[in-house]
Amino acid sequence: MPASTKRRPQGTAPATLLARLNPRVALEAQADGNMAAHFDGYSERLGQFSAEAAERAPELRTGIALPSTSPEADITERGVERLIRQLARRGLLEYCVRRARDGREMAVIEPQIPDYWPQTPKLGDAETIVLSRFAYLRRRGTEMVLESPRAGALFRICDPVIAALLTTLATPQKISRLRRRDDYPGPALLALLLDCQIVIRIDAARRDVLRRAEGDDSLVLWDFHDLLFHARSTEGRQANPLGGLYPHAGMIAPLPAVRPAWSGKVIKLQQLDDVASPLDDLLRKRHSTRDFNDQKPVTLAELSAFLDGAARVRSNWSSKLEFADDGPDVEYTSRPYPAAGSAYELELYLAVANCEGLEAGFYHYDADAHALSAIDVHPQQFDAMLQGAAFAMDAPSPPHVLITIAARFGRISWKYSAIAYALILKDVGVLTQTLYMKATDLELGGCAIGTTNIDLFAKMTGLDFHVEGPVGQFALGRGMGPSPSE
Ligand SMILES: Cc1cc2nc3c(=O)[nH]c(=O)nc-3n(C[C@H](O)[C@H](O)[C@H](O)COP(=O)(O)O)c2cc1C
């Protein structure tokens, strides 16, 4: 990129934003104008493009400036723009921010959510910005990356000057002051960081209440590590591979299934082979079921009995806040499973695919009213949720009912500091076992599912990912045959 010939005051030279192919991706142009992208052993068709647009496609290796088209753009430029959008939609691009003055790379943006598109909102001289309390810099391999669980993309910081600027942004800074600094990167990079909520706008008069200035009450309630843990241990808001990938196989030996015994004195315990109680019987029969009998789906009566036994509210009460006489009254419920602080922050959402007596669709289980409330969702998203569950279980078809366990995060983080998210996951474990036991009791099949897509759930429900979102899933239905222990 040639340096600008116009004389500008230091620091105001605009940066260039380029879209370029993720290095893992190769483009292939076919004779009939169709283009395909190849990556990680997969191929994606991108559609048909003009010969001129296809000719410009190799430029995406080094980068094409954004916005690539103006209102007067010719047909080639519009074709290139369409190609860029097709690649962006599939997460196959990264975006490079170059200093116009010397063409030096300041940062490279890696999308983390499927619909990320770089936006550069206007930042006026009088405005004040500060680094988000959720943003962090870390080493990844031999690179420095700037991330935030709130961000739709991460920023690879290529120039140490930018890292120094980020340090300055720990304190609120007026744009007019930043512009006077030698290391001012130009408005584009700051705008891109603002778009990703890595930096936030604040009212300069409210610099003392930064936590509150960042978002609504639901966001105030989150601790940094809890939101990061949530976004990085689920699908939907990160581009890292996740799940059973055996990343250390071949380098580190697997640990044994049973812990090697301690060397001290051993006291042998009595073994009870006979089933001593109905609970023993249930525990022995419980197993995971992944294949469901579509000819004989679960019935609404069975589903009602399942939810009643495992999750219905048994009683309600309220009490004053402990240790504080003037505190608010807090409402509580009692349910069949235990829950940290009696908060019962977990909600059940049912994707009903095949249930006799109940229309297929997405429902919330109102545990107090013992009723299902229908939620209108996009059919494609509903199918994607069910297909995701089938994929996670390596099953030929989706379960009859897929239960998403969602947490109302604020219900528990209002009380607990630092341990809120850990408690939620422990509650998920307790509830999951209760669901397994009740399914076994009703001679139904069930299977816990370890992955959930928090972005998909947010789109389906319209709920922000930090307000209420999935923390577990459970597949339910009638199994194909008698259980292995019968
Ligand atoms: C937290 C948790 C997550 C699980 N995730 C999955 C999953 O994603 N896919 C799957 O097929 N099974 C999953 N399972 C089921 C386990 O594979 C299963 O419990 C285990 O193999 C023991 O078998 P059993 O349940 O039949 O006794 C999960 C179980 C738990 C408790």
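The values are calculated or read from the model by the stated rules, or taken from the named source; none is laboratory data. Only a predicted model underlies this, so the values are computations on that prediction, with no experimental measurement involved. We place every Cβ from the backbone using ideal geometry, glycine too, and count neighbours over all the protein chains shown.
State whether one or more residues within the stretch 406-426 are surrounded by fewer than 18 Cβ atoms within 10 Å (Cβ to Cβ) and of a type in the set (S, T, N, Q).
yes
Restricted to the stretch 301-328, and to residues that are at pLDDT below 95 and acidic (D, E), which residue is nearest to the chain's Cα centre (by Cα)?
The qualifying residue nearest to the chain's Cα centre (by Cα) is E322.
Of all helices (runs of 4 or more DSSP H) completely enclosed by the stretch 203-246, which ones contain at least 2 residues that are under 15 Å from the mean Cα position of the chain (by Cα) and not assigned by TED's automatic domain parsing to the domain that holds Q112?
In the stretch 203-246, the matching helices (runs of 4 or more DSSP H) lie at 224-232.
With D441, D464 as the choices, which residue is closer than 22 Å to S413 by Cα, surrounded by fewer than 18 Cβ atoms within 10 Å (Cβ to Cβ) and at pLDDT 95 or above?
After ruling out the rest, the residue left standing is D464.
Being at pLDDT 95 or above and surrounded by fewer than 14 Cβ atoms within 10 Å (Cβ to Cβ) is true for just one of V298, V258. Which residue is that?
The match here is V258.
Which residues, counting only those in the stretch 169-191, are of a type outside the set (D, E) and either assigned to a loop (DSSP other than H, G, I, E, B) or free of Cβ contacts under 8 Å to residues at least 12 places away in the same chain (or both)?
L169, A170, T171, P172, R177, R180, R181, Y184, P185, G186
Inside the stretch 270-295, can you point out the residues that are more than 16 Å from the ligand (Cβ to nearest atom) and surrounded by 14 or more Cβ atoms within 10 Å (Cβ to Cβ)?
Residues satisfying the conditions are N293, D294.
Before we move on, is A257 of a type outside the set (S, T, Y), assigned by TED's automatic domain parsing to the domain that holds S397, within 16 Å of the ligand (Cβ to nearest atom) and out of contact with any strand residue (DSSP E or B) (no Cβ under 7 Å at 6 or more places or on another chain)?
Here the answer is no, as A257 does not meet what is asked.
Which one of G446, G479 is at pLDDT 95 or above and surrounded by 23 or more Cβ atoms within 10 Å (Cβ to Cβ)?
G446
If you check every pair at least six apart or on different chains, which have Cβ atoms under 8 Å apart with a residue in the stretch 469-486 that is closer than 19 Å to K296 by Cα first and a residue that is surrounded by 14 or more Cβ atoms within 10 Å (Cβ to Cβ) and modelled with pLDDT under 95 second?
From residues that are closer than 19 Å to K296 by Cα, there are no pairs.
Look through the stretch 378-387, keep the residues that are touching a residue at least 40 places away in the same chain (Cβ under 8 Å) and buried (at least 19 other Cβ atoms within 10 Å of the Cβ), and return whichever of them is farthest from E235 (Cα to Cα).
Taking the candidates together, the pick is F382.
Consider I162 carefully, then state whether it is assigned to a helix (DSSP H, G or I) and in contact with a Pro (Cβ under 9 Å, 6 or more places away or on another chain).
yes
Quick one: which of I454, I403 is touching a residue at least 24 places away in the same chain (Cβ under 8 Å) and under 17 Å from the mean Cα position of the chain (by Cα)?
I454
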